[in-house]
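Report on the following structure.
Only the coordinates and a few stated rules stand behind these numbers; no lab work does. Worth saying up front: this structure is predicted, and the values here are computed from it rather than measured. Here the Cβ positions follow ideal geometry from the backbone for every residue, glycine too, while neighbour counts run over all protein chains shown.
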Amino acid sequence: MKKGILRLVLVIGGFITLNSASAQITDTVASQCAKHLESQFISDGQQYRALLMNSEETAEFHTTLYGGTIYRIAACSGLTDGNLIFSVYDSERNLLFTNSEFKNAPFWDFKITNTIDCVIEAKLSGSAQGSGRAVLLIGFKQQK
């Protein structure tokens, strides 16, 4: 009986430790990514996160971008820039932007004139090894 309880406590303790370490890595990636929003952009309050195991997997995030707004999308995986490829599509899957055409730039600024629903896809770069944890942040500022 005592061995069973001890085993259960060890398993639960191991799970909690592993989960905590995973969350800390993702928080570190998110902090790295937040540096790209700078003080001129306000976060939309969400952290779009995904675990990608290889460069064949793709994460998909859905969002609405509102007209009359300037946006910045920042995307990170790992502690260096250029590990994550992200592409922005409209609701009909027309490609609006991909950072793969700009050396996997870690962020992109753009102006929206009309409100649109978007799909943002993210995947690890095949040439660079990221953490496997993809973090995407969206910041905005009103046009003056």
Legend entry - Estimated vicinal HN-Hα couplings, Hz - the range 107-119 in sequence order (Karplus 6.51, -1.76, 1.60; Gly, Pro = x): 8, 9, 9, 7, 10, 10, 8, 10, 5, 9, 8, 10, 10
Legend entry - Distance between modelled label sites at H62 and F97, nm, 7 Å Cα→Cβ extension: 2.2
Inset, instruction - Tell me which residues come under 5 Å, amide H to amide H, from L96 once H is placed; ignore anything under 5 positions away on its chain. - result: V88, Y89, D90
Legend entry - Packing-based exposure ordering (other Cβ within 10 Å, fewest first) of V119, V135, V88: V119, V88, V135
Inset, instruction - Please give the length that would be gained between N114 and L51 if that part of the chain were fully extended, namely 0.36 nm times their separation in residues minus their C-alpha to C-alpha distance (nm, one decimal). - result: 19.5 nm
Legend entry - 10 Å beta-carbon shell around T58, net charge (K/R +1, D/E -1): -3
Inset, instruction - Could you line up E92, E101, E57 from fewest to most neighbouring Cβ atoms inside 10 Å? - result: E92, E101, E57
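Would you please give the FRET efficiency between S39 and A105, computed as 1/(1 + (r/R0)^6) with r the Cβ-Cβ distance and R0 = 22 Å, to the nearest 0.05? Present the calculation step by step, with values, prior to reporting the outcome.
Details: r = 20 Å, r/R0 = 0.90.
Approximately 0.65, to the nearest 0.05.
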Inset, instruction - Any chance you could check the Cα centroid distance between the range 99-125 and the range 79-95 for me, in angstrom? - result: 5
Inset, instruction - Return, for the Cα atoms of the range 31-142, the radius of gyration and Dmax in Å, separated by a comma. - result: 13.1, 37
Legend entry - Exposure proxy order (Cβ contacts within 10 Å, fewest to most) of S91, S43: S91, S43
